[in-house]
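Notes for the one structure printed next.
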Ligand SMILES: [Zn+2]
């Protein structure tokens, strides 16, 4: 008797909960039911829409597919110039590169980047602007960076593996300038109990949702004045 009651409860659960869920998932998957972009893990990222919970996975999809990456960039309002492939020699160089000329938030200087890095930064800008408005009450006027491409090893060591900078797959961000003129600096403001300090903590955390590796002052002394963000294979968020 007890056994058949539990059997029928399972049947009700299956009919009322699991079957409709499975049908809805199938409908979304085959495109019968439309959901906003970037909400489901499959499909290419739409850079003009807010990033969803699978953003880092989608960015890594662009790392795997240069073609998908350039389609994504073309669908954004990023102004960039595609540059000739620089064959990787001795661990330095990059195929599928662009020069970022103008974006929604200006950068302290133009830079070259791998296509996926340019795409990830474009998404990141949206988050940075929201964080600046909510923590500091001002829009972001400039992202201050200290470089992307550099043919060098990790931590600038004379030996060891190449840095992600050696393939234009990394950027170092030292701070921000706000629309009201204030400057936020990783060196000065990181770890402080101030709106700027809380802004930078969230900047690091949001970065970890988009980039594979994010290194800041908590990582080591070499990163006390900047955040290093890259799309390499290692997953580190510190
Ligand atoms: Zn770096």
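The values are calculated or read from the model by the stated rules, or taken from the named source; none is laboratory data. Keep in mind that this is a model prediction, so the values were computed, not measured. Note that each Cβ is placed from the backbone with ideal geometry, even for glycine, and that neighbours are counted across all protein chains shown.
For segment 29-42, taking the residues that are in a loop (DSSP other than H, G, I, E, B), surrounded by 12 or more Cβ atoms within 10 Å (Cβ to Cβ) and out of contact with any helix residue (DSSP H, G or I) (no Cβ under 8 Å at 6 or more places or on another chain), the one that is modelled with the highest pLDDT is identified as 39.
What are the residues in segment 107-138 that are farther than 26 Å from residue 70 by Cβ and in contact with a strand residue (DSSP E or B) (Cβ under 7 Å, 6 or more places away or on another chain), if any?
132, 136, 138
Looking at segment 153-164, which of its residues are touching a strand residue (DSSP E or B) at 6+ places or on another chain (Cβ under 8 Å) and either under 13 Å from residue 94 (Cβ atoms) or away from the ligand (no atom under 11 Å from the Cβ) (or both)?
153, 159, 160, 161, 162, 163, 164, listed by residue number.
For segment 104-125, a residue qualifies if it is surrounded by fewer than 18 Cβ atoms within 10 Å (Cβ to Cβ) and in contact (Cβ under 8 Å) with a residue 24 or more places away in the chain, and the qualifying residues are 104, 106, 108, 109. No other residue among 91, 97, 31, 43 is in contact (Cβ under 8 Å) with a residue 60 or more places away in the chain and on the phi > 0 side of the Ramachandran plot apart from 91. Of 91, 160, 137, 156, all but one fail to be at pLDDT 95 or above, surrounded by fewer than 18 Cβ atoms within 10 Å (Cβ to Cβ) and farther than 20 Å from residue 47 by Cβ; the exception is 137.
Quick one: would you say residue 179 is in contact with a strand residue (DSSP E or B) (Cβ under 8 Å, 6 or more places away or on another chain) and under 22 Å from residue 127 (Cα atoms)? The answer is yes for residue 179. Every condition in (1) over 20 Å from the mean Cα position of the chain (by Cα); (2) within 16 Å of the ligand (Cβ to nearest atom); (3) more than 22 Å from residue 106 (Cβ to Cβ) is met by residue 187 except one, and the failing one is (3). Filtered by the rule that a residue be within 16 Å of residue 99 (Cβ to Cβ) and without any contact (Cβ under 8 Å) to a residue 24 or more places away in the chain, segment 139-155 gives a lone residue, 150.
Any residue in segment 72-87 that is touching a strand residue (DSSP E or B) at 6+ places or on another chain (Cβ under 7 Å), surrounded by 15 or more Cβ atoms within 10 Å (Cβ to Cβ) and under 18 Å from residue 225 (Cα atoms)? Within segment 72-87, not a single residue is touching a strand residue (DSSP E or B) at 6+ places or on another chain (Cβ under 7 Å), surrounded by 15 or more Cβ atoms within 10 Å (Cβ to Cβ) and under 18 Å from residue 225 (Cα atoms).
Taking (1) farther than 18 Å from residue 118 by Cα; (2) in a helix (DSSP H, G or I); (3) free of Cβ contacts under 8 Å to residues at least 40 places away in the same chain in turn, residue 202 satisfies each apart from (3).
Annotation: of all residues in segment 205-232 being within 16 Å of the ligand (Cβ to nearest atom), in a helix (DSSP H, G or I) and surrounded by fewer than 19 Cβ atoms within 10 Å (Cβ to Cβ), the one that is modelled with the highest pLDDT is 208.
For the condition in a helix (DSSP H, G or I), more than 15 Å from the ligand (Cβ to nearest atom) and in contact with a strand residue (DSSP E or B) (Cβ under 6 Å, 6 or more places away or on another chain), residue 196 qualifies.
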